[in-house]
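To keep things clear, I will list the structure first and then write my remarks on it.
The values are calculated or read from the model by the stated rules, or taken from the named source; none is laboratory data. Just so it is clear, the structure is predicted and the values come from calculations on it, not from any experiment. In this analysis, Cβ positions are derived from the backbone assuming ideal geometry, glycine residues included, and neighbour counts consider all displayed protein chains. When the accessible area is computed, the model is the full protein with side chains, heavy atoms only, and any ligands, DNA or RNA have been set aside. Shrake-Rupley method; radii C 1.70, N 1.55, O 1.52, S 1.80 Å.
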Amino acid sequence: MFFAGITGYYTATVWIGHANYYPSFVYGTTGSSYYGAAPLWRNFMSKILKGRPNKAILDGKPEDYGLVKCTVCRTSGLLAGKYCTNVYRVFLGGHQKPTQTCTQHTATDFNDEVNAYIQTVYDRMSRYNVPENVRAAIQAKSNAFIEALDAARDYKEIQSLFNAYKAEMEALLKPYASSPTQTPPPTTASPSPTISPTTAPVTPSPRPS
């Protein structure tokens, strides 16, 4: 196995192994792991660079060298889509940059999760003695949340919005959890989430499936 590294002064690669592949390494060992080549690289490079001031690897900006910063999906190797959860950012040469966006990860699973949660919010509103002004606030915040999801740029932002929305809904409903409504439940079940925002007091507006 090997490890390659670059400093502002030197570039070096360390390879370790056995000519006959025996004895074998600890299972799961990679070049950058604790038992791999990286610790050796660090040890000798720290001695070589001892006393030297920090120095950038490149003079100028990456763009000066024709490099482009890309967000890439680890699964497909293509440009990360909005719903790719395992991504990394890397500088690539213009000819190396992927030209297609990942289509393996879609909104379906996330939308199902959002829809299910919004439905629980409205179900609890039906069970709790929630004042009309709070119901109206929940309706407005739910619609605003859906609009924000549509405008989000990536999955990290989407997840952050969802977490914030859930925290806000729990805070709004918590004071009424111990006071179930005394009125008979409606004759019809609470409607399932729909895609388009509405003005109805208890109709959520979640993501499309």
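Does region 130-137 include one or more residues that are part of a helix (DSSP H, G or I), open to solvent by less than 30 Å² (accessible area, probe 1.4 Å) and not aliphatic (A, V, I, L, M)? Scanning region 130-137, I find no residue that is part of a helix (DSSP H, G or I), open to solvent by less than 30 Å² (accessible area, probe 1.4 Å) and not aliphatic (A, V, I, L, M), so the answer is no. Inside region 59-74, can you point out the residues that are surrounded by fewer than 12 Cβ atoms within 10 Å (Cβ to Cβ) and either part of a loop (DSSP other than H, G, I, E, B) or touching a residue at least 24 places away in the same chain (Cβ under 8 Å) (or both)? Asp59, Gly60, Lys61, Gly66 - these are the residues of region 59-74 that are surrounded by fewer than 12 Cβ atoms within 10 Å (Cβ to Cβ) and either part of a loop (DSSP other than H, G, I, E, B) or touching a residue at least 24 places away in the same chain (Cβ under 8 Å) (or both). Looking across region 3-58, just one residue is among the hydrophobic types (A, V, I, L, M, F, W, C), part of a loop (DSSP other than H, G, I, E, B), open to solvent by 90 Å² or more (accessible area, probe 1.4 Å) and at pLDDT 85 or above, and that is Ile57. Annotation note: of Gly77, Gly81, the sole residue that is modelled with pLDDT of 85 or more, under 31 Å from the mean Cα position of the chain (by Cα), surrounded by 13 or more Cβ atoms within 10 Å (Cβ to Cβ) and not hydrophobic (A, V, I, L, M, F, W, C) is Gly81. A count restricted to region 119-174 and to residues that are charged (D, E, K, R), within 27 Å of Thr85 (Cβ to Cβ) and touching a residue at least 40 places away in the same chain (Cβ under 8 Å) stands at 4. Annotation note: of Lys97, Lys156, the sole residue that is open to solvent by 70 Å² or more (accessible area, probe 1.4 Å), assigned to a helix (DSSP H, G or I), at pLDDT below 90 and under 28 Å from Pro62 (Cβ atoms) is Lys156.
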